[in-house]
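Worksheet: one structure, shown below.
Laboratory data are not the source of any read-out in this text; all were calculated from the coordinates shown. Owing to the predicted nature of the structure, the values given are computational and were not obtained by experimental measurement. Cβ coordinates were reconstructed from backbone atoms using ideal geometry, including for glycine residues, and neighbour counts include every protein chain displayed.
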Amino acid sequence: MRPMFVMIKCELGRAYDVAERLIDEIETTSEVHSISGQYDLLAKFYLDEATDIGHFVCNEVQRVSGIKETFTLQAFKAFTA
């Protein structure tokens with residue numbers, strides 16, 4: 001499994017609804033954080049190596065009602081204490 005992150009801009013007033021939908025509707029969602037700055041949410045997903053990230057974002061994430069824009073980041077290595 002490989003981690004990847006999607007930063008999400010939501011329609012006004014929809015961030016909490018979008019976060020709940022990501023958790024409830026996409027089984028590969030690990031966690032969703034409310035964030036400050038240009039984006040409203042940061043979602044972490046774990047995908048199989050064979051899963052196409054572009055298709056996943058377009059066909060799963062961007063279809064969640066209330067999402068206006070996404071920015072995808074692929075993670076390579078996690079550093080922990």
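Hey, does segment 68-80 have a residue that's under 12 Å from Arg2 (Cα atoms), surrounded by 16 or more Cβ atoms within 10 Å (Cβ to Cβ) and in contact with a Phe, Trp or Tyr (Cβ under 7 Å, 6 or more places away or on another chain)?
Here is the first cut: in segment 68-80, the residues under 12 Å from Arg2 (Cα atoms) are 73-78.
From what's left, surrounded by 16 or more Cβ atoms within 10 Å (Cβ to Cβ): none.
The answer is no; no qualifying residue exists.
Could you please let me know if Val57 is of a type in the set (Val, Ile, Thr) and within 9 Å of the chain's Cα centre (by Cα)? Spell out the reasoning first.
Values: of a type in the set (Val, Ile, Thr): yes; within 9 Å of the chain's Cα centre (by Cα): yes.
Judged against the criteria, Val57 is a match.
Give the residues of segment 36-67 that are under 17 Å from Glu20 (Cβ atoms) and either of a type in the set (Asp, Glu) or exposed (fewer than 14 other Cβ atoms within 10 Å of the Cβ) (or both), sorted by residue number.
Asp40, Glu60, Arg63, Ser65
Regarding Val6, is this residue of a type in the set (Val, Ile, Thr), in contact with a Cys (Cβ under 8 Å, 6 or more places away or on another chain), crowded, with 19+ Cβ neighbours inside 10 Å and on the phi < 0 side of the Ramachandran plot? Spell out the reasoning first.
On the way: of a type in the set (Val, Ile, Thr): yes; in contact with a Cys (Cβ under 8 Å, 6 or more places away or on another chain): no; crowded, with 19+ Cβ neighbours inside 10 Å: yes; on the phi < 0 side of the Ramachandran plot: yes.
The answer is no for Val6.
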